[in-house]
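Quick note: the coordinates plus some simple rules give every number you see, no bench work behind them. Since the structure is predicted, the reported quantities are computational estimates derived from the model, not experimental observations. Cβ: placed from backbone, ideal geometry, glycine included. Neighbour counts: every protein chain shown.
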Amino acid sequence: MATKANRLEILKTYKLYIDGKFPRSESGRHYLVKSKNGNGIANACLASRKDLRDAIVAARKAQDAWAARSAYNRGQILYRIAEMLEGRKAQFMEEMIAQGYTVGQATNELQSSIDRLVHYAGWSDKYQAIFSAVNPVDSSHFNFSVPEAMGVVGILCEEKSALIGLVSLIAPAIVGGNTCVVLSSESKPLCASTFGEVLHASDVPAGVVNILTGSRAELIKTYASHMDVNALVFDASGESLKTIQSEAAANVKRCIHLMDDWSQAKSQSPYHIMNTQEIKTTWHPIGV
Amino acid sequence: MKKDKKEHALNFETPFQYAPAPESTAPVKLKERYALFIDGKFQAPSKGIYLPSINPATEETLALVAVADESDVNKAVKAAANAYKGVWGKLPGKERAKYIYRIARILQERAREFAILETMNGGKPIRESRDIDIPLAAAHFFYYAGWADKLDYAFPGRKAQALGVAGQIIPWNFPLLMAAWKIAPALATGNTVVLKPAETTPLTALLLAELIQEADLPPGVVNIITGAGETGAAIVRHPLVNKIAFTGSTEVGKLIQRSLAGTDKRYTLELGGKAANIIFEDAALDQAVEGIINAIFFNQGHVCCAGSRLFVQESVADQVMRKLRDRMSTLRIGDPLDKNTDIGAINSKEQLQKIQGLVKKGIAEGGDMYQADCSIPKKGFWFKPTLFTGVSASSTIVKEEIFGPVLSIQTFRTADEVIEKANNTPYGLSGGVWTDKGSKIFKVSKQLKAGVVWANTYNKFDPTSPFGGYKESGLGREGGLHGLAPYVHLV
């Protein structure tokens, strides 16, 4: 990035976000992130399978407590993320432009990302009412079904966007009480890494969102076959789609295959929250 | 006067004897052999292979049943695809509804015949097939019939579209009920069906095929083909099948999930379980003991949601064990067609051997076994109600689904401890909680990672109530509003 003549600029080190901390990859590896015309912009961590497993452990540890937070509280925290992102627009703009966005594209994507967080913040205490049911069983029982978080969700972000693809998948997962382990776009990882800092400053408890940057081809199998990941939300096609869905059978992992243009307003929906919810039904006799 | 009184005094010294009360098999008119129900007609299998289907209580052959191979599967799927394109997919919801209502009504009328055949083919007590399986199957059709013209209300903000052809593979523990669970929501949402009943229990599904003819359902809307695993695999592989609904073991479920990888096919899996049934010291213990019995011995324990891991709070463990043994001594095991029978026959020789093998392992690993003192018939497949104590989380019989009348018992001290123990399994289908304290029910039921929780009751089912598992017990729900989603595409 451009430097003023009389001062050497401090370059940012882009790191992983695991368990509320910002480590480098345990492997010590990194890769060069390039601009549209092939110039190096920055180094990003090349996360290893061990980093992924560590992140899954952190996500599992955080999940019960996060799901136990009140819906109101989770909504407040999501709204807080939107506030923090709004306040750091300039930095995200700069990173997007460095990664090939025009000013107009970057502005649109950033605004949509902030609005998307606000949208899902508002769902935190409403989707349950819409997707629950009191079931009129033909016996003397009170019976109801409610959505409940699936647990730990793996998120493989689309390649083409720097931020909106990430935000559009993280928000519905965590608003429903899941924790997640996210792999950012491989070629556009800078905003993902910086988004970790936004989360960190937004009262999101450690481990609720973990963000990795690195090679999808290298990590995809571990994501899909890991026994302590309950669901996988991803965008994939061809062989990698087959690999994910096939390895996922190891623990009957829920595979949510989404391909969408996340910049569109219609790509936000409470059905995305429901993608990572289980339905629990409880029976109790009525009597004295 | 005095003498008279003495003669009529009740004598509690000896157990009550029950006179035999067998249900007549007269209403069931079995054919010698059953072909495949494809495109509204019974058609002979292309290879001409038929295998006997037996009564597990007598080992007698009831009928010969066709084995469908790949070409038969292809024929059935094509019939379903044509029916979807030509008729069913275009039919307004209210007309679909009337067909499904018709099926429900005829099933209610012919309930007795279905119940008797279900018991003959599967070995379950007539009390259960008569009072649970068949009425619930009819209720399921009745419930989903009503949804057919109301789908716009089921998915707020979205429109539901049918998927096309649903391939459905069902197990042997609730043969007709599982067929209803699968067919009713598929038809209501506008899909057509290729259903494969289990190898050992195809007869009520074939009777249902006759009923569907009687209901004048358009040809090809429901196709019912029989066979074993290879037939099921051919359905799963078929390129014109848009959705797979499977109920069965976790092992086969994983194979199906793997084989569907990379395709656009949707799927729901309802797989195995190893449910915790938790008895707190403040529970109504006599009711809880009835609940334990129902949780594990209902349908000979051939229930994916059976309460097969019992956890009793330490302070009442001795008392519960005593009551449980007393209650077990009154269970009547024997002729499934006898109206007094509590526990019928094990579904197949293969399943009996599996149960025997696991129980042997339970003893070898140091578990203490207790079996009800009862006699069992000489012919047929039987297993006595069985308890194991002295087991732990690492015991094979605590970890693995036995799918038989075998209960493992452990104790606990605190709620947090038992929640951790209950969730310490890859399964997550169901659970039971027994306590008189409402707040405790909500705490425990919320933390159980399971799709169905019965509080102060167990093994209750209803068409309006969604059923299905967390974790390796499967994915998707069947029943209720939530049971519609797996059969539709939302736009």
task = With a cut-off of at most 14 other beta carbons within 10 Å, and DSSP calling the residue loop, which trypsin sites (Lys or Arg not before Pro) in the range B:39-92 qualify? Please list them.
result = B:K47, B:K90
ask   = Under 5 Å between amide H atoms, partner at least 5 residues away or on a different chain: which partners does B:Q43 have, H built in plane at 1.01 Å?
value = B:L36, B:F37, B:I38
message = For peptide A:205-211, what's the mean number of Cβ atoms from other chains within 10 Å of each residue's Cβ?
response = 0
task = Find, to one decimal place in angstroms, the Kirkwood hydrodynamic radius of the range B:105-196, where the mean of 1/r is taken over every pair of different Cα atoms and then inverted.
result = 14.2 Å
Lysine pairs meeting the criterion (Cα under 26 Å, 8 or more apart or interchain), as found in the range B:14-132 = 22
Within chain A: Cβ-based charge dipole about Cα centre, in debye rounded to nearest 20 (Lys, Arg +1; Asp, Glu -1) = 620 debye
message = Given all pairs of different Cα atoms, what value in angstroms does the Kirkwood hydrodynamic radius of the range B:276-455 take?
response = 16.5 Å
ask   = For B:Y18 and B:V491 in the same chain, what is the full-extension length gain: residue separation times 0.36 nm, less their Cα-Cα distance, in nm?
value = 164.3 nm
query = So, in Å, what gap is there between the alpha-carbon centers of the range A:217-288 and the range B:301-374?
reply = 37 Å
query = If you look at just the Cα atoms of the range B:185-247, how large are its Rg and its Dmax in Å?
reply = 12.0, 31
Among B:N121, B:V165, B:A139 the positive-end extreme of the charge dipole of the range B:101-173 (Cβ point charges) = B:V165
query = lysines within cross-link reach of B:K360: Cα-Cα under 19 Å, excluding same-chain residues under 8 positions apart?
reply = B:K274, B:K349, B:K384, B:K399
query = Say we join alpha carbon atoms closer than 10 Å with springs in a Gaussian network model of chain A; which of A:I18, A:I244, A:I174 then has the biggest fluctuation?
reply = A:I244
query = Per the Cauchy relation, a quarter of the hull surface: what is the mean projected area of the convex hull of the alpha carbons in the protein assembly as shown, in nm²?
reply = 37.9 nm²
note = Charge tally for neighbours of B:A234 with beta carbon under 15 Å away, counting Lys, Arg as +1 and Asp, Glu as -1, is +1
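Between beta-carbons, use under 10 Å as the cut-off and find the net charge around B:A115, counting Lys and Arg +1, Asp and Glu -1.
In short, -1.
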ask   = Restricting attention to the range B:130-175, which trypsin sites (Lys or Arg not before Pro) occupy a DSSP loop and are surrounded by at most 13 other Cβ atoms within 10 Å?
value = B:K150, B:K159
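Rg(Cα) of the range A:49-285 divided by 2.2 N^0.38 Å?
Ratio of Cα Rg to 2.2 N^0.38 Å: 1.02.
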task = Show which aspartates and glutamates lie in cross-link reach of A:K21 when reach means a straight Cα distance below 13 angstrom and same-chain residues fewer than eight apart are skipped.
result = A:D51, A:D54, A:E197
task = Give the percent of DSSP beta bridges with both residues in chain A that are antiparallel, rounded to the nearest 5.
result = 50 percent
query = Structure shown: which of A:K280/B:K254; B:K339/B:K361; B:K378/B:K421 lie over 28 Å apart, alpha-carbon to alpha-carbon?
reply = B:K339/B:K361; B:K378/B:K421
inquiry  = Out of all DSSP beta bridges in chain B, what portion is antiparallel? Express it as a percent rounded to 5.
reply    = 35 percent
ask   = Mind checking which aspartates and glutamates have their C-alpha under 13 Å from B:K354, skipping anything on the same chain fewer than 8 residues away?
value = B:E400, B:E401
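Quote the convex hull volume per residue of the range A:1-107, based on C-alpha atoms, as a whole number of Å³.
Taking only Cα atoms, the range A:1-107 has a hull volume of 147 Å³ per residue.
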task = Take the Cα pairs of the range A:66-109, get the Kirkwood Rh, then feed it into Stokes-Einstein at 20 °C and 1.002 mPa s and tell me D in µm²/s.
result = 178 µm²/s
key: Qualifying GluC sites (Glu not before Pro) in the range B:9-104, DSSP loop, other Cβ atoms within 10 Å at most 14   = B:E13, B:E32, B:E59, B:E60
Average beta carbon contacts from partner chains per residue of B:253-263, 10 Å cutoff = 5
key: Geometric extent, Cα atoms of chain B - Rg, Dmax (angstrom)   = 23.2, 85
ask   = Using the alpha-carbon centroid of each, what span in Å lies between the range B:127-195 and the range B:459-491?
value = 10 Å
Rounded, prolate or oblate (a/c below 1.5 giving rounded, otherwise prolate when a/b exceeds b/c) for the range B:232-297 by Cα gyration tensor = prolate
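To the nearest whole number, what is the average tally of beta carbon atoms from other chains within 10 Å of the beta carbons of peptide B:444-452?
Per-residue shielding by partner chains comes out at 4.
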